Amino acid sequence: MVPLTIENRLFYRSADTVIEDYPRLAPMRNATSGSVALIATRPKQVYGGEGELVLERRMVRPAKKSFLTEEAFERSNWEPVNTTTFRALWDAEVAELPDTETRQLHLLTGLILPIWTEIPGDNTRIYRVQPEEGPALLGRALDETQASVLRGKFMDLDAATPTDMLRIVLDTDRAVELGNAFSLKRRRVAGHQRLELTGVSKDSLPWLKSLGCFTEIHQYQLRVFVPAEPEDQALRVLTAIQSGHAVDEPGVIAAE
């Protein structure tokens, strides 16, 4: 795989356009940050990763769309604002956003026909890339997540880097084996996305907590999680679990 750096032009909706596109969402302003968003006036019920019902609201921001759990919404400082104020704040926020974004892609070249059906992603187009130096290259383009998934399929997981493992877990529904009988998978628990560690024995629990892992009890079952943020701490924990040694820097104190 050949790494590529791609620069794309970014486009954002104006306040008038976004209000027209989402007539059922209400203009709101965050009293703490000053940011604005269109947010659903009522939450809707969805099923979480464990089959539990979760209330969440749709939210549209200048640079992204997402969902906000009702619990998070009630703790936040979002409050209604009139459309005149909303338009001025939205357009001002858009004016401060970057015009372009840089993405890291990978061009899968060489003899790829034997693994064609194993290549992740729906884009099967073959691209021709002309580097600044050297001959032109032909291959399929993969983003960082797809490249990590492909590495995980065709390399020993013991040889995969913690960065690749974390990206696979964060961006896909796939579980990865960390070695030492542990596996990691992203799950939605109590309305939150968590990195759950399985294969944990009673004897290994104190050591995992010393690394920064934390535990919670759900449905009378003790479950163990790797901290997802900050990402560098998650990488230190995964490195330690893979190697079976303590992290170089102390982790956070775990709470039961």
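Here is a list of conditions, (1) surrounded by fewer than 19 Cβ atoms within 10 Å (Cβ to Cβ); (2) closer than 27 Å to residue 66 by Cα, and residue 226 meets all of them except one; can you say which number that is?
The number of the failed condition is (1).
Is there any pair linking a residue in the stretch 1-18 that is free of Cβ contacts under 8 Å to residues at least 40 places away in the same chain to one that is surrounded by 13 or more Cβ atoms within 10 Å (Cβ to Cβ) and hydrophobic (A, V, I, L, M, F, W, C), with Cβ under 9 Å and at least six apart or on different chains, and which?
No pair meets every condition.
Among 140, 128, which is surrounded by fewer than 16 Cβ atoms within 10 Å (Cβ to Cβ) and either assigned to a strand (DSSP E or B) or touching a residue at least 40 places away in the same chain (Cβ under 8 Å) (or both)? Working first, answer last.
Details: 140 fails: surrounded by fewer than 16 Cβ atoms within 10 Å (Cβ to Cβ).
After applying the criteria, what remains is 128.
Looking only at the stretch 171-187, how many residues end up being outside any loop (DSSP other than H, G, I, E, B), within 13 Å of the chain's Cα centre (by Cα) and buried (at least 16 other Cβ atoms within 10 Å of the Cβ)?
Residues flagged as outside any loop (DSSP other than H, G, I, E, B), within 13 Å of the chain's Cα centre (by Cα) and buried (at least 16 other Cβ atoms within 10 Å of the Cβ) within the stretch 171-187 amount to 3.
Which residues, taken from the stretch 70-116, are open to solvent by 80 Å² or more (accessible area, probe 1.4 Å), more than 30 Å from residue 126 (Cα to Cα) and in contact (Cβ under 8 Å) with a residue 60 or more places away in the chain?
Scanning the stretch 70-116 gives 71, 87.
Which of the residues that make up the stretch 201-245 are in a loop (DSSP other than H, G, I, E, B) and in contact (Cβ under 8 Å) with a residue 60 or more places away in the chain?
Restricting attention to the stretch 201-245, the residues satisfying the condition of being in a loop (DSSP other than H, G, I, E, B) are 201-204, 212-213, 219-220, 227-230, 244-245.
Listed by number, the residues that qualify are 219, 244.
Taking the stated definitions as given, is residue 5 of a type in the set (S, T, N, Q), assigned to a strand (DSSP E or B), open to solvent by 90 Å² or more (accessible area, probe 1.4 Å) and at pLDDT below 95? It would help to see each step written out before you state the result.
Numbers: of a type in the set (S, T, N, Q): yes; assigned to a strand (DSSP E or B): yes; open to solvent by 90 Å² or more (accessible area, probe 1.4 Å): yes; at pLDDT below 95: yes.
When the stated conditions are applied, residue 5 passes them.
Taking the stretch 28-58 only, how many residues are over 12 Å from residue 86 (Cβ atoms), out of contact with any Gly (no Cβ under 7 Å at 6 or more places or on another chain) and buried (at least 20 other Cβ atoms within 10 Å of the Cβ)?
Within the stretch 28-58, residues that are over 12 Å from residue 86 (Cβ atoms), out of contact with any Gly (no Cβ under 7 Å at 6 or more places or on another chain) and buried (at least 20 other Cβ atoms within 10 Å of the Cβ) number 2.
Does the stretch 82-95 include one or more residues that are under 30 Å from residue 140 (Cα atoms) and assigned to a loop (DSSP other than H, G, I, E, B)? Before you say what the answer is, go through the steps one by one.
Looking only at the stretch 82-95, we keep the residues that are under 30 Å from residue 140 (Cα atoms), and these are none.
No, the stretch 82-95 has no match at all.
Out of 254, 234, 246, report the one residue that is open to solvent by less than 50 Å² (accessible area, probe 1.4 Å) and at pLDDT below 85. Break it down into steps so the answer makes sense when it comes.
Numbers: 234 fails: at pLDDT below 85; 246 fails: open to solvent by less than 50 Å² (accessible area, probe 1.4 Å).
That would be 254, the only listed residue that is open to solvent by less than 50 Å² (accessible area, probe 1.4 Å) and at pLDDT below 85.
What do you reckon, is residue 139 modelled with pLDDT of 85 or more and under 15 Å from residue 240 (Cα atoms)? Even if it seems obvious, please write down each step before you answer.
Details: modelled with pLDDT of 85 or more: yes; under 15 Å from residue 240 (Cα atoms): no.
In short, no.
Within the stretch 10-62, how many residues turn out to be polar (S, T, N, Q), closer than 14 Å to residue 78 by Cα and assigned to a loop (DSSP other than H, G, I, E, B)? I'd like the intermediate steps shown before the answer.
Start the filter on the stretch 10-62 by keeping residues that are polar (S, T, N, Q), which leaves 14, 17, 30, 32-33, 35, 41, 45.
From what is left, the residues that are closer than 14 Å to residue 78 by Cα are 30, 32-33, 35, 41.
With assigned to a loop (DSSP other than H, G, I, E, B) added as a condition, the list becomes 32-33, 35, 41.
Qualifying residue count for the region: 4.
When you look at residue 156, is it in a loop (DSSP other than H, G, I, E, B), at pLDDT 85 or above and among the charged types (D, E, K, R), yes or no?
no
The values are calculated or read from the model by the stated rules, or taken from the named source; none is laboratory data. Nothing here was measured: the structure is a model prediction, and the numbers come from that model. Cβ coordinates were reconstructed from backbone atoms using ideal geometry, including for glycine residues, and neighbour counts include every protein chain displayed. In case anyone asks, the SASA skips ligands and DNA or RNA and just uses the protein heavy atoms, side chains included. Shrake-Rupley method; radii C 1.70, N 1.55, O 1.52, S 1.80 Å.
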